[in-house]
Amino acid sequence: MNRRHFGLAAAAVIALTPVAAIAWSPITDALASPGRTAEDKERDARSHPAEVAAFARIKKGSKVADLVIGGGYYSRVFAAVVGPRGSVYSWQPSEFVAFSADYAKPLTELPVAFPNITTNSASFSDISLPGGLDVAFTNQNYHDFHLKEVPTDAARKVNAAVFRALRPGGYYVVIDHAAAAGADVQTSSNTLHRIDPEAVKREVLAAGFVLDGESTLLRNPADPHTALVFDPAIRGHTDQFILRFRKPGGRWFGR
């Protein structure tokens with residue numbers, strides 16, 4: 001098997017690997033970090049951060065951007081995984097900070113728990129990411145790039161900023177709540193906080209990326225795709241897709 005085919009096979013295995021199969025991984029060891037909160041560790045059972053980090057190709061020494069960090073869950077995951085030789089750039093848009101003071105707290109708290117985290121609260125219009133990134137990541141927030149409260153071209157600007165910032169061969173990973181196939185992006189984003197994964201693919205591919213992998217790790221076929229994601233009947237159990245895109249060029253196989 002040549003190296004290119006090995007990389008493709010490895011990506012497929014990672015996408016389908018069950019939780020127990022990577023229990024020995026250095027990633028799971030890192031997730032025991034005392035910098036992660038008890039609430040984070042309780043959430044791990046449903047979010048599967050070790051599998052997500054592996055699928056995203058994040059490892060010790062990686063340079064990662066976490067985009068629209070919410071409460072900072074994945075920033076803490078990645079900071080633990082990349083270790084002191086790696087770095088995490090955590091972006092919470094000013095539009096979110098203005099909406100709720102709770103969104104401001106991680107900006108000051110994260111670097112205290114993990115000195116390898118740098119935070120930023122630039123607006124969607126002013127987003128600027130550090131260069132040479134290995135991975136850019138956004139969890140359950142790509143649909144927010146289409147909210148009526150943010151600039152109409154926010155998705156384009158974020159995708160372009162990510163493309164510029166990633167090293168050749170770097171990865172852009174998107175997790176979000178799935179909308180029904182063919183659902184209007186603006187409607188599903190603003191009323192249900194969901195987005196059709198095919199719409200995400202179209203937008204990210206238009207920015208110059210290639211689709212590198214998909215994972216069914218967080219899929220739930222029982223989700224009807226018609227409920228608001230905060231509805232108690234579905235919250236925490238939505239059908240979620242994971243897409244991995246790659247910036248062309250560089251050494252990408254087997255990372």
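Values quoted throughout were computed directly from the atomic coordinates according to the rules given, and no laboratory measurement underlies them. The structure presented is a predicted model; accordingly, all values stated were derived computationally and were not measured. Reconstructed Cβ throughout: ideal geometry from the backbone, glycine too, with neighbour counts over all protein chains shown.
Can you tell me what percent of all Cα-Cα pairs in the chain are more than 24 Å apart?
Roughly 44 percent, rounded to a whole number.
Taking the Cα centre of each part, how many Å lie between segment 75-89 and segment 108-172?
Cα centres, segment 75-89 to segment 108-172: 15 Å.
For segment 163-255, take the convex hull of the Cα atoms, compute a quarter of its surface area, and give me that in nm², please.
About 6.6 nm², averaged over all directions.
Evaluate the distance, in nm, between pseudo-label points positioned 7 Å from the Cα of Lys148 and of Ser123 along their respective Cα→Cβ axes.
Between Lys148 and Ser123, the label points sit 1.9 nm apart.
Expected output is a single nm value to one decimal: the length gained when fully extending between His237 and Arg219, i.e. 0.36 nm times separation in residues minus the C-alpha distance. What is it?
Length gained between His237 and Arg219: 5.6 nm.
Mind checking the alpha-carbon convex hull of segment 70-123 and giving the volume per residue in Å³?
57 Å³
In deg cm²/dmol, rounded to 500, what helix-only [θ] at 222 nm does the chain give when every DSSP H run of at least 4 residues adds -39500 (n - 2.57) and the total is split over its residues?
-10000 deg cm²/dmol
If you put +1 on each Lys and Arg Cβ and -1 on each Asp and Glu Cβ, how big is the dipole of the chain around its Cα centre, in Debye rounded to 20?
1200 debye
Kindly state, as a whole number, the per residue volume in cubic angstrom of the convex hull around the alpha carbon atoms of segment 92-134.
Enclosed volume per residue, from the Cα hull, is 72 Å³.
Within the set Lys59/Lys148; Lys63/Lys157; Lys60/Lys105; Lys157/Lys201; Lys201/Lys247; Lys41/Lys105, which residue pairs have Cα atoms separated by over 24 Å?
Lys59/Lys148; Lys60/Lys105
Taking amide H atoms as placed 1.01 Å from N in the peptide plane, list the residues 5 or more away in sequence, or in a different chain, whose amide H sits under 5 Å from that of Ala136.
Ala65, Tyr171, Tyr172, Val173
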